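The values are calculated or read from the model by the stated rules, or taken from the named source; none is laboratory data. Just so it is clear, the structure is predicted and the values come from calculations on it, not from any experiment. Every residue, glycine among them, receives a Cβ derived from its backbone with ideal geometry; neighbour counts consider all protein chains shown. Ligands, DNA and RNA are excluded from the accessible area calculation, which covers all protein heavy atoms including side chains. Shrake-Rupley method; radii C 1.70, N 1.55, O 1.52, S 1.80 Å.
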Amino acid sequence: MSDLQIDRVETVLLDVPLRRAHRFARVGMDAQPVLLVFLRTAGGITGVGEGVVPGGPWWGGESVETMQVMIERYMAPILLGREVDDIAGIGVDIADVLANNLYAKTAVEVALHDAWARCLGVPVHTLLGGLARRSIPVTWALGTESAPVVIEEALGKLDAGSHHTFKLKMGAQSPEADVERVTTIAEKLAGTAGVRVDINARWDRLTALAQLPKLADAGIELVEQPVPGSEIEALAELTRTLRIPVMADESLRTPTDALRLARLRAADVYSLKTTKSGGLRNTKAISEIAGAAGIPCHAGTSIETGIGTAASLHVACAAPAVTWGSELFGPLLLREELLTTPLRYADGELHLPDGPGLGVELDPDAVRAFTRS
Ligand code: MN
């Protein structure tokens with residue numbers, strides 16, 4: 001038996017409490033459900049990957065519970081006995097038995113990279129082709145609360161010097177009231193911080209055409225996914241007519257999506273997320289399509305713990321097209337640290353950790369403390 005062969009697949013469900021409730025357009029969350037998948041090799045090396053969605057199945061239809069079933073029942077039989085460097089072959093075989101489920105596939109694909117890189121004694125980014133940068137700016141996401149609450153939080157972050165740009169979640173109230181709220185916030189922060197908005201696919205085309213120019217007038221620097229993910233033509237129309245950049249998130253999951261969006265010039269910026277795209281390799285492929293099309297990328301988050309955030313950081317640092325910073329603030333939103341050494345945030349940037357694999361280690365006591373019973 002080769003040292004690289006997988007002899008054990010294990011999954012664990014956790015609920016990690018947040019520092020403050022995080023409000024999206026229609027749902028809120030107090031704790032982040034997380035799936036961890038561990039792949040152990042015959043040589044005694046274990047790789048870990050994280051499966052996580054932003055607060056529930058509303059974003060992409062998957063949950064940590066569905067991921068656990070898909071991994072244990074359908075992917076584990078394919079993984080057992082395979083070598084951890086057989087990533088392309090394993091991916092083909094998994095695709096033969098399991099469509100979609102990209103979040104679940106990401107957890108496994110990241111664990112394969114972590115295990116393989118640890119076997120080689122190299123960082124994961126080496127397996128992705130090396131580094132374009134060693135750190136990335138991190139914006140902070142503000143929720144759908146009232147203007148005074150959001151302004152107070154933003155000013156606190158600015159004072160602390162930890163973030164210089166903010167992304168506001170929208171869509172929890174009527175578009176008119178929401179635009180008024182965001183305008184108040186943007187006016188207060190004008191000149192001191194950049195403000196972006198994420199509408200999380202809540203508006204229809206006409207609402208977006210009517211409301212987005214007002215946001216541009218208010219000084220908003222970027223609009224993320226105003227219309228439903230499947231409405232790429234409407235997204236393209238908004239990208240053509242609006243004088244501020246439009247970023248695709250829900251419309252962009254696969255390399256095929258990236259190519260279609262590029263051909264239609266449907267977005268000015270791409271939001272990359274390792275989680276939504278099936279792993280590091282697909283995310284890198286999307287960034288390369290974007291690079292070839294002259295479209296800059298932003299490293300998005302699904303509010304991952306240190307494990308998933310490290311994975312997204314490795315690919316963001318390995319992809320030259322990621323020139324629009326990141327929102328890799330997941331661990332900062334969690335009340336408890338899962339890593340023995342936290343990821344390093346300094347001067348508004350997240351810095352790549354050193355060491356083999358993902359370069360981070362789980363604290364077993366913290367994992368036990370938050371494991372779902
Ligand atoms: Mn988004």
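The table that follows gives values for the structure above.
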{"read-out": "Condition check for Arg196: more than 16 Å from the ligand (Cβ to nearest atom) and without any contact (Cβ under 8 Å) to a residue 60 or more places away in the chain", "value": "no"}
{"read-out": "Exclusive hit being farther than 20 Å from Gly325 by Cα and touching a Gly at 6+ places or on another chain (Cβ under 6 Å), set Ala210, Ala201, Ala177, Ala234", "value": "Ala201"}
{"read-out": "Enumeration of residues in region 224-244 that are assigned to a loop (DSSP other than H, G, I, E, B) and within 14 Å of the ligand (Cβ to nearest atom)", "value": "Gln225, Pro226, Val227, Pro228, Gly229"}
{"read-out": "Unmet requirement for Asn200, which otherwise passes all of (1) modelled with pLDDT of 95 or more; (2) buried (at least 16 other Cβ atoms within 10 Å of the Cβ)", "value": "(1)"}
{"read-out": "Condition met for Ile307 (more than 14 Å from the ligand (Cβ to nearest atom) and surrounded by fewer than 24 Cβ atoms within 10 Å (Cβ to Cβ))", "value": "no"}
{"read-out": "Residue ID - farthest from the chain's Cα centre (by Cα), chosen from residues in region 229-245 that are open to solvent by less than 40 Å² (accessible area, probe 1.4 Å) and closer than 15 Å to Leu209 by Cβ", "value": "Leu242"}
{"read-out": "Selection status of Thr283, more than 12 Å from the ligand (Cβ to nearest atom), surrounded by 24 or more Cβ atoms within 10 Å (Cβ to Cβ) and within 23 Å of Val52 (Cβ to Cβ)", "value": "yes"}
{"read-out": "Strands (runs of 3 or more DSSP E) within region 55-173 that include 3 or more residues over 19 Å from Ala285 (Cβ atoms) and open to solvent by less than 50 Å² (accessible area, probe 1.4 Å)", "value": "140-142, 165-169"}
{"read-out": "Residues located in region 326-373, provided they are free of Cβ contacts under 8 Å to residues at least 60 places away in the same chain and in a strand (DSSP E or B)", "value": "Leu339, Arg344, Ala346"}
{"read-out": "Pairs where the first residue, in region 81-101, is of a type in the set (Asp, Glu) and the second is open to solvent by less than 60 Å² (accessible area, probe 1.4 Å) and part of a loop (DSSP other than H, G, I, E, B), C-beta under 9 Å, 6+ apart", "value": "Glu83/Ser2; Glu83/Leu4; Asp85/Leu4; Asp86/Leu4; Asp93/Arg82"}
{"read-out": "Any hit, region 183-190, residues being among the acidic types (Asp, Glu), surrounded by fewer than 19 Cβ atoms within 10 Å (Cβ to Cβ) and within 16 Å of the ligand (Cβ to nearest atom)", "value": "no"}
{"read-out": "Near pairs, Cβ below 8 angstrom, 6+ apart or cross-chain, from region 269-289 (farther than 11 Å from Ala319 by Cα) to any residue that is of a type in the set (Phe, Trp, Tyr) and open to solvent by less than 10 Å² (accessible area, probe 1.4 Å)", "value": "Thr275/Tyr103; Lys276/Tyr103"}
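Residue-by-condition table, conditions (1) of a type in the set (Gly, Ala, Ser); (2) within 15 Å of the ligand (Cβ to nearest atom); (3) assigned to a loop (DSSP other than H, G, I, E, B); (4) open to solvent by 10 Å² or more (accessible area, probe 1.4 Å):
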residue: Arg260; (1), (2), (3), (4): no, no, no, yes
residue: Thr275; (1), (2), (3), (4): no, yes, no, no
residue: Ser287; (1), (2), (3), (4): yes, no, no, no
residue: Ala292; (1), (2), (3), (4): yes, no, no, yes
residue: Ile295; (1), (2), (3), (4): no, no, yes, no
residue: His314; (1), (2), (3), (4): no, no, no, no
residue: Pro320; (1), (2), (3), (4): no, no, yes, yes
residue: Trp324; (1), (2), (3), (4): no, yes, yes, yes
